[in-house]
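The values are calculated or read from the model by the stated rules, or taken from the named source; none is laboratory data. Since the structure is predicted, the reported quantities are computational estimates derived from the model, not experimental observations. Methodologically, a virtual Cβ is constructed for each residue, glycine included, from the backbone with ideal geometry; neighbour enumeration extends over all protein chains shown. The area values use the complete protein model at the heavy-atom level, side chains included, leaving out ligands, DNA and RNA. Shrake-Rupley method; radii C 1.70, N 1.55, O 1.52, S 1.80 Å.
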Amino acid sequence: MQLGFLVDLHLCMGCKGCEIACKVENEVPLSTWRLRVKYVDVGTFPETKRTFTPLRCNHCENAPCERICPVSALHYLDNGIVNIDKERCIGCAGCVMACPYGAIYIDPQTQTADKCTYCAHRIASSMMPACVVACPVQANIFGDLDDPKSNISKYIMKNQGGVQVRKPEKGTNPHHFYVGGGNVNLNPLASQRVDGHQLFNKITTLPVGGHH
Amino acid sequence: MAAHEILAATNAIVTLDVALPGTVWPWLVTVNMWAKSIGTGVIFMLFLLLKKYPDQAGKLRFPTTIVSIIFIHIFLLFTLADLHQPFRMWHIFFYPHLTSAITVGAWMATVFVGLLFLLAFLSFIKKDDAAFDKVLVWVVALAVPVTLYTAALMSQCTARELWQMPTESAQMIFAALLSGSAFMILVFGGKLSWEANRSMSNILALSAFMSFILYMSEYVFGPMKAEEVAAVLEYIKGDGPYTVMFWLGQWIAYLLPILLIVLSRSSKSASILKLAAILALVGLFLVKHVWLMIPQLLPMS
């Protein structure tokens, strides 16, 4: 079994339901996120478009975070999920530095690394990840990539040529795919990040783990 | 914001996102790298001096070992201080993951410290120079990977394109040679002949020159190789946040010491050499700090 994710960006409407569901399900502390939806506006008024991109751990086949972790706190599960053992983590932040997708954070409460686990605890009980359940338009497609009859496999086959991953040049072989994405969605260097991009405040960076 | 090119036709702007994490590895890691460079560098220099100037260097066996022990412990202390869970450090030894440069480095540094204490024992308690010199060969051999493992760690940071192998390895080794020779000139220069001081200054100047070439090569040619490197190097170009510190570092660590060493050739001035050594040690900290910080400024997602 090789679990994977696919987000159809044609369907995503940026409601952030997945973001909130993830926060609640995994009790993600304030100022940290396992899953977030980034808005990028493209074009010049009046010819403009807003794009929405849910960003989470890519559960790479060749995960830099797993490789750099000195104590195997980050490890592969048999179903392909890159999981984390917070009791073992020493908080060296090597994984945060290694992840090309910025998907790992230091939990300010436990002072250990944390990230999306595809809701491994729910998977173990044969439930879908919280973000999949919350999505009102079924933009999140989750399933077994090894099973040709799974929804995700069918989706990938149907959209052959249009399925993308983030930063393929890094050689991480992500198990997280996007359909309908462009450079502005998937490449952080393709968009400007100006001060005040947050809706509710002007905080653009936060201290890692709440200190240092 | 990185000053990378945005197509005017696209004009893509992030309009809503969460706050991203700030600096992940702070100045504590700079101290870590800087202190380790000195800790291993002085061992390289002691070995060299014992081979070339055994009569003068004999009395440096114990003090150099103590200097190395002190700086390796500064390195270890700051490594520990940087951990968010420092009391779990023992996990590295009981749950080791050997693909990680952190694990391998921690094991090697531990053995290195043990050997340094053995050297101290042989020189201070046993006063056995022959045994000291035999063990020193192994300590020097181990000092090489202990110096290099941080480069391996940085290259394992797949997200940070700027930190590449083998450039990082070369930079680490040159940093150890530079800081080791500078420290020997500064602290033990008075106990050595002008010839021995000159040998140390040659190593200092050469390693400074090679390091400068490496940084300039990255500065000029790095942006031609990868989009990420180009974006990162914008932080040290123009009015970038680290431009001043970068050039200060290059001048203080490399260019000024080279000039001063050349100047000292005619005057045979030990004071000029000491000034070059101080500048090299201070400048190295700046150079290391800039190179550590700038890739962390770039948003990863």
Looking across the range B:126-152 at residues that are small (Gly, Ala, Ser) and more than 21 Å from the chain's Cα centre (by Cα), the single one that is surrounded by the fewest Cβ atoms within 10 Å (Cβ to Cβ) is B:Ala130
When (1) open to solvent by 40 Å² or more (accessible area, probe 1.4 Å); (2) at the interface with chain B (Cβ under 9 Å from one of its Cβ atoms); (3) touching a helix residue (DSSP H, G or I) at 6+ places or on another chain (Cβ under 9 Å) are applied to A:Val194, the one that fails is (3)
Expected single match for modelled with pLDDT of 95 or more and either within 14 Å of chain A (Cβ to nearest Cβ) or assigned to a loop (DSSP other than H, G, I, E, B) (or both) among B:Ala143, B:Ala159, B:Ala152, B:Ala182 is B:Ala152
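Here is a yes/no grid of residues against (1) within 20 Å of B:Phe78 (Cβ to Cβ); (2) part of a helix (DSSP H, G or I); (3) within 14 Å of chain A (Cβ to nearest Cβ):
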site	(1), (2), (3)
B:Thr103	yes, yes, yes
B:Met108	yes, yes, yes
B:Val113	yes, yes, no
B:Leu118	no, yes, no
B:Leu122	no, yes, no
B:Lys127	no, no, no
B:Val135	no, yes, no
The residue from B:Lys191, B:Lys237 that alone is touching a Lys or Arg at 6+ places or on another chain (Cβ under 7 Å) and among the basic types (Lys, Arg) is B:Lys191
Among strands (runs of 3 or more DSSP E) entirely within the range A:1-61, at least 1 residues that are open to solvent by 20 Å² or more (accessible area, probe 1.4 Å) occur in A:36-44, A:47-55
For the range B:275-301, pairs from a residue that is open to solvent by 20 Å² or more (accessible area, probe 1.4 Å) to a residue that is among the charged types (D, E, K, R), with Cβ under 6 Å and 6 or more apart or across chains, are B:Pro299/A:Arg193
Scanning the range A:87-137 for residues that are buried (at least 19 other Cβ atoms within 10 Å of the Cβ), of a type in the set (Ser, Thr, Tyr) and at positive phi gives A:Tyr118
- Message: Among the residues of the range A:73-87, are any at pLDDT 95 or above, aromatic (Phe, Trp, Tyr) and over 16 Å from the mean Cα position of the chain (by Cα)?
- Response: yes
Screening B:Leu16, B:Leu20 for residues that are touching a Phe, Trp or Tyr at 6+ places or on another chain (Cβ under 6 Å), at pLDDT below 95, within 7 Å of another protein chain (Cβ to nearest Cβ) and within 30 Å of A:Arg193 (Cβ to Cβ) leaves only B:Leu16
Note on the range A:11-57: residues farther than 19 Å from A:Phe142 by Cβ and of a type in the set (Asp, Glu) are A:Glu27, A:Asp41, A:Glu47
Every listed condition ((1) in contact with a Leu (Cβ under 9 Å, 6 or more places away or on another chain); (2) facing another protein chain (nearest Cβ under 7 Å); (3) of a type outside the set (A, V, I, L, M, F, W, C)) holds for B:His84 save (1)
Being of a type in the set (Gly, Ala, Ser) and under 22 Å from B:Glu168 (Cβ atoms) narrows B:Ala208, B:Ala277, B:Ala270 down to just B:Ala208
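Pick out, from the range A:90-183, the helices (runs of 4 or more DSSP H) lying fully within it that include 1 or more residues that are charged (D, E, K, R) and away from chain B (no Cβ under 14 Å).
Passing ranges, in order: A:120-124, A:151-158.
Could you look through the range A:61-72, keep only residues that are over 15 Å from B:Met89 (Cα atoms) and at the interface with another protein chain (Cβ under 7 Å from one of its Cβ atoms), and pick out the one that is nearest to the chain's Cα centre (by Cα)? Step through it out loud before you land on a result.
Our first condition is that a residue be over 15 Å from B:Met89 (Cα atoms); within the range A:61-72, this holds for A:61-68.
Narrowing the set further to residues that are at the interface with another protein chain (Cβ under 7 Å from one of its Cβ atoms) leaves A:64, A:67-68.
Numbers: A:Pro64: 15, A:Arg67: 19, A:Ile68: 19 Å.
The selected residue is A:Pro64.
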